[in-house]
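J.: I have a structure I would like to understand better, so I am pasting it below and will then ask my questions one at a time.
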Amino acid sequence: MRPVRSVAIEERPALLFLFVSALALLVYWPALHGTLVWDDAAHVTTPALRSWHGLARIWFELGATQQYYPVLHTAFWIEHRLWGDAVVGYHLLNVLLHAANAWLWALLLRQLVAGKNVGAALPAGVALLAACLFTVHPVAVESVAWISEQKNTLSLLFALLATRSFLAFDGNRSPGSYARASVFFALALGTKSVTAVLPAALLVVLAWRNGRIEGRRDVVPLLPWFAAAIAAALTTAWVERTLIGANGSEFDLSLLQRVGLAGRILWFYVAKTVAPVGLVFIYPHWTLPVGLSTGHLAALAALVVTAVLIWKRAAAPGLLAGWLLYAGILVPALGFINVYPFRFSYVADHFQYHALPVALTLLAAGGVKVAGRLPVLARLTAGIVVVGGLGLLARQDSAHYVSGDALYRDTLARNPDCWMAHNNLGVELARSPSLRAEAAQHYEAALALKPDYADAHNNYGLLLLVTHDRTAATNHFMTALHLQPDFFEAELNLAHAFAEEPAQIDEAIAHYRHVLAAVPTLPAAHFGLANTLARTNGGAAEAAQEYQATLRLDPGWAEAHVNYASFLAKTPSGIAAALTQLEEALRLNPGLVKAHYDLANLLSDLPDREGDARSHYEAALRLEPNYVPALNNLGILEAKSGHLDAARQLWQRALEVSPNDADAAGNLQRLERMRRP
């Protein structure tokens, strides 16, 4: 058969890109103004990595980022330089990357039909329909609306560009085309290592497109790609296991269990692609039987489908290629490789993002073929109904990503036993003093469902520490460390708890030192140790070193500048340096009340700086009108300047806020004695 002429929009790439971009923006508009959720804060460049030195750490220090994806984190580094903490920038870019992927997929499909094998032809409209389905499919929402999953959208972009360049090389054998393809593949691997399946996928594409695979022509050019893919996959597996924590009882599965799991996962993703309903951010965690199960029947069914398609390949070569591509791209997510999210669930929508356009192309081709006998208007109407319906579902799901609160409440509504969602919702609620009681309830629910959940113990401990139940907080931190001895965040929090009790300062210092021995680049540990040493006799010199280490690792930490300034100001020789630290803190965060207050205190003792001191006291009170220390000290400054009525008013305000404040009461008494004849 001869290829059927495509519809006009498929032949106009610029128009097609504008169309799918508009479609994507329409679907994902609710998510554009969303906040950071779950591990977004660990992906968006942290303060310690925002410098040029931080960029070097992204590339050359394992553990500097959550996963060793240097291209991804370089992209985040650049994005932070462009729009800082403005979350809408990250969301908008992710939506546009998704649209670009849908667009490139349509272009790739049209490029493929130019192959030598006439069996590779596609009916008109398939590329357009596949691109539209991919743009609006609800399964893609998790990858597009969740900032962390820029690893998916960006890596697929590079993988598609690599594929297009390699297919160009297949036609022209140009070294330039091969070099471009190799660069794009390297960028894809550096963004997310699941793209390691691309060389094998290309062999499937070449077999379908050209009718056969030639070893010298097709396999040899891909050998360096296979080597790079294996290296990237092994690196990621090592990082997942040793640095992220993909180990333990949750991952102790036999080969028999993993085969059954793979069969169940594969057909689960097929079902969600065909009928994308009941999607959940975290699906229920399956219990895997020791022996044979329905999962093994599912795996057998997959093998039977593969065998039948191979047997009938002459009649349906495209169907065989599509099935092999879909299943092959999913291999890293089928349970044979341990990944940290398996603690919560064996399946996730974002795990099949790269395979999704393949499955949707098969569905689009089948739909176009079935509708081929219908009138044009009927076909167009059917297409609009399908795309529009999926788009409405995706838009509804994308709205859940506007906040962690919304996302986790939706997750718990669909999966009530999700202990991870209880914990994460507790973290969200704990940020608001008025919601801390509800946060405690969710932490307790998480621990009731999973008593050995170290993260929940740590987070509950933090909440208890804030609410001044130090003993209970310490118990939860110690339980978290018992469950996970290398849980350095919990040990750091335990050190903070000990540091609050003068009798346990030595224990606090020991824990800070232990954390820093394991993670010497952790600014919070240096900061905590510095604050604690500053309170001890003979610890001043080391405290200064620890403050300096903190600010060397995280120069943008305004609060660390304030504490260092307080430490420096203890000696007359340190006043000038303290002023510099406070000015830097206010440059970084002009709304930091403590920095204004401390700076005003220092300036008030310097000749001819009373006016500057008054300005900073007033700035502190504009930010926090009931800040009693600023009311008191500004009153003292006014009294020294002879403005006794103004001083009285300030001290009276302080007593209205804090009736038992001894400083304000004493100042008023002294003022009254001064006024007596």
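J.: Using θ = phi - 60° and the Karplus curve 6.51 cos²θ - 1.76 cosθ + 1.60, what whole-Hz ³J(HN,Hα) does each residue of region 337-342 get, with Gly and Pro shown as x?
T.: 10, 6, 10, 4, x, 4
J.: Here is a further query. Which value, in Å to one decimal place, does the Kirkwood hydrodynamic radius take for region 546-677 when every pair of different Cα atoms is included? Intermediate values should be presented prior to the final figure.
T.: Details: mean 1/r = 0.0644 Å⁻¹.
15.5 Å is the Kirkwood radius here.
J.: With 16 Å as the cut-off, how large is the P(r) tail for region 371-435, expressed as percent of Cα-Cα pairs?
T.: Values: 1289 of 2080 pairs.
Looking at region 371-435, the distances longer than 16 Å represent 62 percent of pairs.
J.: I need the Debye-formula profile for region 171-267: one equal scatterer per C-alpha, no solvent, reported as log10 I(q)/I(0) at q = 0.19 1/Å, two decimals.
T.: Log10 of I(q)/I(0), two decimals: -1.03.
J.: Just to compare against my own numbers: the Cα pair-distance distribution for region 479-579, 10 Å bins, whole % per bin, please.
T.: 17, 46, 29, 7, 1
J.: Something else: Once you wrap a convex hull around the alpha carbon atoms of the chain, what is its projected area averaged over all directions, in nm²?
T.: Value for the chain: 36.3 nm².
J.: Moving to a separate point now. If Lys and Arg each add +1 and Asp and Glu each add -1, what is the summed charge of the other residues whose beta carbon sits under 13 Å from the beta carbon of Y269?
T.: Working: positive: R264, K272; negative: E142, D349.
For residues surrounding Y269, the net value is 0.
J.: Okay, next question. On the first, second and third principal axes, largest extent first, how far apart are the outermost C-alpha atoms of region 108-257 in Å?
T.: Principal-axis extents of the Cα atoms in region 108-257, largest first: 52, 38, 34 Å.
J.: Moving to a separate point now. From Cα coordinates alone, what are the radius of gyration and Dmax values for region 208-330 in angstrom?
T.: In Å, with Rg to one decimal and Dmax whole: 18.1, 49.
J.: Another one. Computed over the Cα atoms, what is the radius of gyration of region 315-402 divided by 2.2 N^0.38 Å, N being its residue count? Write down the numbers at each step before the final one.
T.: Values: Rg = 16.9 Å, N = 88, 2.2 N^0.38 = 12.1 Å.
Dividing the Cα Rg of region 315-402 by 2.2 N^0.38 Å gives 1.40.
J.: For a bin width of 5 Å, list the pair-distance distribution of region 255-394 built from all Cα-Cα distances, rounded to whole %.
T.: 2, 9, 16, 19, 18, 14, 11, 7, 3, 1, 0
J.: If you don't mind, another one. Just for the Cα atoms in region 246-303, what are the lengths along the principal axes, largest first, rounded to whole Å?
T.: That works out to 31, 28, 15 Å along the principal axes.
J.: Here is a further query. Considering the options H80, T191, A168, tell which one lies farthest towards the positive end of the dipole of region 48-199, charges being +1 on Lys and Arg and -1 on Asp and Glu at the Cβ, about the Cα centre.
T.: Result: A168.
J.: Could you pull the Cα extents of region 339-472 along its three principal axes, largest to smallest, in whole Å?
T.: 74, 31, 20
J.: Please give the contour-minus-distance gain from R513 to Q548: 0.36 nm per residue of separation, less the Cα-Cα distance, rounded to one decimal in nm. Write down the numbers at each step before the final one.
T.: Numbers: separation 35, 0.36 × 35 = 12.60 nm, distance 1.59 nm.
Length gained, R513 through Q548: 11.0 nm.
J.: Select from A558, G528, L26 the residue farthest towards the positive end of the dipole of the chain; place +1 on Cβ of Lys and Arg, -1 on Cβ of Asp and Glu, and compute about the Cα centre.
T.: L26
J.: Also, I was wondering about something else. Please list the radius of gyration and Dmax for region 438-502, considering alpha-carbon atoms only, with Å as the unit.
T.: In Å, with Rg to one decimal and Dmax whole: 11.0, 36.
J.: In a solvent-free Debye calculation with one equal scatterer on each Cα, what is log10 I(q)/I(0) for region 534-579 at q = 0.14, 0.32 Å⁻¹, listed in the order of the q values?
T.: Once normalised to I(0) and log-transformed, intensities are -0.30, -1.22.
J.: Now for a different question. Protein chains only, probe 1.4 Å: how do R470, R535 rank by accessible area, largest first?
T.: On the way: R470 55, R535 125 Å².
Highest to lowest solvent-accessible surface, that is R535, R470.
J.: Enumerate the calculated ³J(HN,Hα) couplings along region 664-669 in order (Karplus 6.51 cos²θ - 1.76 cosθ + 1.60, θ = phi - 60°), each rounded to whole Hz, writing x wherever the residue is Gly or Pro.
T.: Values per residue, Gly and Pro as x: 5, 5, x, 5, 5, 4 Hz.
J.: Compute the separation of the alpha-carbon centres of region 264-289 and region 612-673 and state it in Å as a whole number.
T.: 63 Å
J.: Taking the alpha-carbon centroid of each part, what is the distance from region 446-505 to region 338-393 in angstrom?
T.: Result: 45 Å between the Cα centres.
J.: Sticking with this one: Helix 436-449 versus the longest principal axis of the chain: what angle, 0 to 90°, nearest 10, using Cα atoms?
T.: Result, in degrees: 50.
J.: Here is a follow-up. Report the percentage of all Cα-Cα pairs in region 506-548 whose separation exceeds 11 Å, rounded to a whole percent.
T.: On the way: 524 of 903 pairs.
For region 506-548, the share of Cα pairs beyond 11 Å comes to 58 percent.
J.: Now for a different question. What does the convex hull of the Cα atoms of region 555-623 come to per residue, in Å³, rounded to a whole number?
T.: Working: hull volume 4.7 nm³, N = 69.
So the per-residue Cα hull volume is 68 Å³.
J.: Strictly over 32 Å apart at the Cα level, which of K192/K369; K570/K640; K151/K450; K450/K594 would you flag in this model? Write down the numbers at each step before the final one.
T.: Numbers: K192/K369 35 Å; K570/K640 23 Å; K151/K450 30 Å; K450/K594 40 Å.
Pairs exceeding the cut-off: K192/K369; K450/K594.
J.: Right, next: When the distances between all Cα atoms of region 466-505 are binned every 10 Å from zero, what whole-number percent does each bin get?
T.: Computed distribution, short to long bins: 33, 55, 12.
J.: Net charge near A508: determine it from the other residues with C-beta under 15 Å of the C-beta of A508, scoring Lys and Arg +1 and Asp and Glu -1. List each step's numbers first, then the result.
T.: Details: positive: R470, R513, R535; negative: E491, E500, E501, D506, E507, E542, E546.
With Lys, Arg at +1 and Asp, Glu at -1, the net is -4.
J.: Largest first and in whole Å, what are the equivalent-ellipsoid semi-axes of region 416-524 based on the Cα gyration tensor, each being the root of 5 times an eigenvalue?
T.: Working: eigenvalues 118, 48, 27 Å².
Over the Cα atoms of region 416-524, the semi-axes work out to 24, 16, 12 Å.
J.: What net charge do the residues around H482 carry, taking every other residue with its C-beta under 13 Å from that of H482, with Lys and Arg at +1 and Asp and Glu at -1?
T.: Working: positive: none; negative: D452, D486, E491.
Net charge in that neighbourhood comes out at -3.
J.: What's the long-distance tail for region 94-181, i.e. % of Cα pairs beyond 15 Å?
T.: Roughly 63 percent, once rounded to a whole number.
J.: Evaluated at 10 °C with a viscosity of 1.306 mPa s, what Stokes-Einstein diffusion coefficient in µm²/s does region 20-119 have when Rh comes from the Kirkwood expression over alpha-carbon pairs? All intermediate terms of the calculation are to be shown ahead of the outcome.
T.: Numbers: Rh = 15.7 Å.
Diffusion coefficient, whole number: 101 µm²/s.
J.: Could you tell me how far the Cα centroid of region 128-153 sits from the Cα centroid of region 71-96, in Å?
T.: The two parts, judged by their Cα centres, are 17 Å apart.
J.: Nothing charged except the Cβ atoms of Lys and Arg (+1) and of Asp and Glu (-1): what's the magnitude of the dipole of region 580-661 about its Cα centre? Round to the nearest 20 debye.
T.: Details: 8 positive and 13 negative charges, 26 e Å.
The dipole magnitude comes to about 120 debye.
The values are calculated or read from the model by the stated rules, or taken from the named source; none is laboratory data. Here the structure is a predicted model, which is why all the values come from computation and not from measurement. Virtual Cβ from ideal backbone geometry, glycine too; neighbours counted across all protein chains shown. SASA here: full protein model, heavy atoms, side chains in, ligands and nucleic acids out. Shrake-Rupley method; radii C 1.70, N 1.55, O 1.52, S 1.80 Å.
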